[in-house]
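Visitor: Okay, here's the structure, questions in a sec.
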Amino acid sequence: MPEIHETVLEIDLGALEHNYRYLRSRIRPATKFMAVVKASGYGSDALAIARKLVSLGVDALAVAYASEGIALRKEGVSLPILVLHPQEGNFEEIITHDLEPSLYSARILRGFHDVARKTGQKAYPVHLKFNTGLNRLGFWENDVKFILDEIGDSGVLEIKGVLSHLGASEDLEERDFTERQIHMFGRIVEEAEKVLGPIPIKHLLNTSGILNYPEAQWDMVRSGIGIYGYGNDPRFDPELKPVVSLKTVISQLHRIEPGETVGYNRAYRAEGYTTTATLPLGHADGIGRHYGQGKAFVLVKGKRAPIVGNVCMDMLMIDVTDIDCKEGDEVILFGKGQSADQFASYAGTISYELLTGISPRVKRLYKDRNPG
């Protein structure tokens, strides 16, 4: 990559390819692969991620809300796109843009069925979401007969898929809980196919499910965080390559005398002669105040430098007293040498929150090379 002169989020599409091929290697060749590109591709760029995955042969995509799927359709992405959390006000748009809703409750099923019927649909593909213990969204196990009664024999909807979501597949201490979820899903699938007829796609596994419970892959798996380079487990993280790196530069260096303070509310006071560096990013870019006051570290010349004082809206300051650096030098928040998991842990959060919180105003740079 060229030398940077501002805050950038590097998106390595070669790393994406590596992760996709690794996760593919963990499932049967016939099993379909759905890539989750919600939340702007986990904070990166949903369109760039989707286009790369299409070129690699992914079978389907998933988004959280209809607007995300519509944006991909308008850019020419034609793969099946599952909308995981459809809302009543978007049903007509879902149909207009040929998106596949995950129907998860009586209200959503009835509402979508009604709109599909009024717009003259025949065999419109939908997925049925069942709750097996996560307790967020989903029909209950005993709702299969109700679903049949609601759909009837009108032919308006086609049950293309049935799915659920594992709640603790990354935690092997919760293996009993996960296995109960898997067994419950098996019962649901059996009952659903008995009552509703053959269902082409059954899908349960997320990234950690792929890695820890491959025997439960059914017809398709779904991967979100894994394709972006995180396996939720130190056993698997070395096999994956983080897709995004957040980098910035030193705007200015300051020599601070003992007792002087730095930043708003004078939150940092120098105990001795200190050199600080000001960086051009802050909580408006996704690096919240909870990373300040010495909690988090960035990398300058490969060395750790703590964030000092309060993170500002557009800037933050770091202590570089013991680092030989100059204005314009590159600084890494997460990427080579420090993962997003590690940086997020400084603030007691997780990589998902950190990655998806990077502001759109941060410039995206792309690189694509053959994965090593």
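Visitor: Tyr230 - would you say it is closer than 24 Å to Leu13 by Cβ and in contact (Cβ under 8 Å) with a residue 40 or more places away in the chain?
Guide: yes
Visitor: Output the helices (runs of 4 or more DSSP H) that fall wholly within region 15-126 and possess 1 or more residues being of a type in the set (D, E, K, R), open to solvent by less than 40 Å² (accessible area, probe 1.4 Å) and more than 28 Å from Val144 (Cβ to Cβ), or say none. Steps first, answer last, please.
Guide: Numbers: elements: 38-43, 46-56, 66-74, 91-96, 106-118.
Hits in region 15-126: 46-56.
Visitor: On to the next question. Hey, does region 180-193 have a residue that's open to solvent by 20 Å² or more (accessible area, probe 1.4 Å) and within 20 Å of the chain's Cα centre (by Cα)?
Guide: Scanning region 180-193 turns up no residue that is open to solvent by 20 Å² or more (accessible area, probe 1.4 Å) and within 20 Å of the chain's Cα centre (by Cα).
Visitor: Next up: With a cut-off of at least 2 residues that are of a type in the set (S, T, N, Q) and surrounded by 21 or more Cβ atoms within 10 Å (Cβ to Cβ), name the strands (runs of 3 or more DSSP E) lying wholly within region 201-265.
Guide: The qualifying strands (runs of 3 or more DSSP E) are 244-249.
Visitor: Only one of Asp341, Asp314, Asp368 is more than 18 Å from the chain's Cα centre (by Cα), farther than 25 Å from Arg269 by Cβ and acidic (Asp, Glu); which?
Guide: Testing whether each residue is more than 18 Å from the chain's Cα centre (by Cα), farther than 25 Å from Arg269 by Cβ and acidic (Asp, Glu) leaves just Asp368.
Visitor: Restricting attention to region 152-172, which residues are open to solvent by 10 Å² or more (accessible area, probe 1.4 Å), in contact with a strand residue (DSSP E or B) (Cβ under 9 Å, 6 or more places away or on another chain) and in contact (Cβ under 8 Å) with a residue 40 or more places away in the chain?
Guide: Leu157, Ile159, Lys160, His165
Visitor: Let me ask you something else. Give region 107-138 a look and list any residue that's farther than 18 Å from Leu204 by Cβ, small (Gly, Ala, Ser) and in contact with a strand residue (DSSP E or B) (Cβ under 8 Å, 6 or more places away or on another chain), or say none.
Guide: Selection gives Ala116, Ala123.
Visitor: Restricting the search to region 286-329, which residues are under 27 Å from Ser40 (Cβ atoms) and open to solvent by 70 Å² or more (accessible area, probe 1.4 Å)?
Guide: Arg289, His290, Lys295, Met313, Met315, listed by residue number.
The values are calculated or read from the model by the stated rules, or taken from the named source; none is laboratory data. Being a predicted model, the structure only gives us computed values, none of them experimental. Positions of Cβ are generated from backbone atoms using ideal geometry, with glycine treated the same way; all protein chains shown enter the neighbour counts. Calculation scope for accessible area: heavy atoms of the full protein, side chains included, ligands and nucleic acids excluded. Shrake-Rupley method; radii C 1.70, N 1.55, O 1.52, S 1.80 Å.
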